[in-house]
Amino acid sequence: MSSRRLAVAITTALLLTVGAAACESGDSGGTASGGKIALLLPESQTTRYEQHDRPLFEAKVKELCADCEIIYSNAQQDQSRQQQQAEAALNNGAQVLVLDPVDGAAAATIVSLAKAKNVPVISYDRLIQNAPVDYYISFDNERVGQLQGETLVNRLKELGKTSGDIVMINGSPTDNNAKLFNKGAHSALDNSGFKTVPTPDFFTPEWKPENAQKFMEGQIAQLGKDGFVGVYAANDGTAGGAISAMRAAGITPVPPTTGQDAELAAIQRIIGGDQYMTVYKAFKPEADQAAELAVALVKGEKPSTDRTVNNGAVDVPSFLLEPQAVTKENVKETVVADNLYTIEQICTSSYSAACQAAGLT
Ligand code: BGC
C-alpha cells in the first residue's frame, strides 16, 4: 500500500472508531467500540436457528468486525417477548437490528421503536410487513413452495398415481413466508390432477410439530388411512409431526411427504424412506449476507441491492437466494458436499443399511 493510501486508510479507520464511540455516548453498558448489532431470532424448535443461523452470523460478524458486539435473543415463538428483546437491545445501544419476526405484521411496532432511535432494521428470512424496513434477506420463498409441490407431484406420478387427496399442512399464520410457501405450492399442486385438503387451507399455529401432528391425526380420522395419496408439509418440523401421526396410525409405507430446512432428522427420514423430500436453503450465504450488511450499516454505509420486495409500505432493498430440492438421490451432492452434515452424522447405526442402499456409505 502506498504511504498516501495507508494514511487515508488510517484516517478512515480513526474516523470510523470515533464515529462508533460517538454513537455509543450515553450508552449505559457495553465496551464495544466496533459497534453493537442485535440478532433477534424467532424460535428454537426448528434446528436451523441455534445450529446454523446464529453461529454462522456471529462468526461472519467477528471476521468482518473483531470488536463488534452481538446482542443475541431468541423469542421462543412469542411475539411480545420478541418486542421486549428488541426494546432491550435498543436500550443497550444496538445500532442495527437483524430481525427474524415471530409475527411479520406485529413486528412493525419494533421497526417504529428502532426508527425513533435512527436504528436500521434488516428483515432476516421473514419479511416484516407494512413498515419502513431497510433491507430484506431471504430465499425466493414462493420457489420453495413450488419445489415442494412439483417434487411431490412428480413422485406421485412416478408411483403411478394421477389423482387423489394431498393433505396440506402449512406454516404459521403469522409468518409471511408461510403464505409464500403456500402460494408456490398451490401453483404446482392445483391443476395437477390432485386435490389439496382441507378447504380452507390449514396453517399450523406457531409452526409447532405437535400442532401438525394433532392436525394430521384429525385428517387420518376423517379421510381414513388410505384416504390420501401424499402430504404437503411446509417444513421438516411439521413433516416430522405428520409422519409420527401416520406411523402411530399404522400407515406403512408413509405416502410421499414434503419438508423444508434439511434438518438432520429429516435427512435421516429421507434416507430411511419416511419422508420424500426437503428443501435445502444454504444457511451460510444467508447468514453471511446479513452479517456483511449489518457491519456495513454500523459503519454508516448503505449497500445497494439489485432488487426490491414490496412489504405493503415500501419497496425493501432485498437479497433473495435460490433454494434447492433434496431427495435421497442428491443428499450427497447437496448437504454433504456443503459440509452441513458428515456421512457419520447421518448414517448412525439405525440408518446404516438405508445409507448403504442409498449409496452414502
Ligand atoms: C423459515 C423456515 C422455518 C420456519 C419455521 C420460516 O420462516 O423460512 O426455514 O422452517 O420459518 O421456523
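The values are calculated or read from the model by the stated rules, or taken from the named source; none is laboratory data. Everything numeric in this text was worked out from a predicted model, so none of it was measured. When we count neighbours, we look across all protein chains shown, and the Cβ atoms used for this are built from the backbone with ideal geometry, even at glycine. Areas reflect the complete protein model, heavy atoms only, side chains present, ligands, DNA and RNA absent. Shrake-Rupley method; radii C 1.70, N 1.55, O 1.52, S 1.80 Å.
Total residues in the stretch 209-249 satisfying the condition of being in contact (Cβ under 8 Å) with a residue 24 or more places away in the chain, of a type in the set (Gly, Ala, Ser) and out of contact with any Lys or Arg (no Cβ under 9 Å at 6 or more places or on another chain): the figure is 7. Once the stretch 242-277 is narrowed to residues that are touching an Asp or Glu at 6+ places or on another chain (Cβ under 6 Å) and of a type in the set (Gly, Ala, Ser), the residue that is nearest to Ser172 (Cα to Cα) is Gly259. In the stretch 70-82, which residue that is of a type in the set (S, T, N, Q) and not in a strand (DSSP E or B) is most open to solvent (accessible area, probe 1.4 Å)? Checking each candidate, the answer is Gln76. Do we find a residue being closer than 17 Å to Val316 by Cα and open to solvent by 20 Å² or more (accessible area, probe 1.4 Å) anywhere in the stretch 98-106? Within the stretch 98-106, one or more residues are closer than 17 Å to Val316 by Cα and open to solvent by 20 Å² or more (accessible area, probe 1.4 Å). Considering the stretch 53-69, and only residues there that are surrounded by fewer than 19 Cβ atoms within 10 Å (Cβ to Cβ), over 18 Å from the mean Cα position of the chain (by Cα) and acidic (Asp, Glu), the residue that is modelled with the lowest pLDDT turns out to be Asp67. One residue stands out in the stretch 226-236 among those that are under 18 Å from Asp274 (Cβ atoms) and not aliphatic (A, V, I, L, M): the one that is nearest to the ligand (Cβ to nearest atom), namely Asn235. With respect to the conditions (1) within 27 Å of Glu43 (Cβ to Cβ); (2) touching a Pro at 6+ places or on another chain (Cβ under 9 Å); (3) open to solvent by less than 50 Å² (accessible area, probe 1.4 Å), Ala245 falls short on a single one, namely (2). Return the pair list, or none, for Cβ contacts closer than 7 Å from residues in the stretch 155-180 that are more than 26 Å from Ser123 (Cβ to Cβ) to residues that are part of a helix (DSSP H, G or I) and open to solvent by 10 Å² or more (accessible area, probe 1.4 Å), at least 6 apart or on different chains. Pairs found: Asp165/Leu223; Val167/Gln219. Filtering the stretch 48-69 for residues that are assigned to a strand (DSSP E or B) and away from the ligand (no atom under 15 Å from the Cβ) leaves a non-empty set.
Only a single item in (1) touching a Pro at 6+ places or on another chain (Cβ under 8 Å); (2) on the phi > 0 side of the Ramachandran plot is not met by Asn118, and it is number (1).
Apart from one condition, Ala94 fits all of (1) more than 15 Å from the ligand (Cβ to nearest atom); (2) open to solvent by 10 Å² or more (accessible area, probe 1.4 Å); the exception is (2). Please report, ordered by residue number, the strands (runs of 3 or more DSSP E) entirely within the stretch 250-361 with at least 3 residues that are within 16 Å of the ligand (Cβ to nearest atom) and either touching a residue at least 24 places away in the same chain (Cβ under 8 Å) or open to solvent by less than 60 Å² (accessible area, probe 1.4 Å) (or both). Where strands (runs of 3 or more DSSP E) fall fully within the stretch 250-361 and carry at least 3 residues being within 16 Å of the ligand (Cβ to nearest atom) and either touching a residue at least 24 places away in the same chain (Cβ under 8 Å) or open to solvent by less than 60 Å² (accessible area, probe 1.4 Å) (or both), they are 278-280, 315-321, 324-326.
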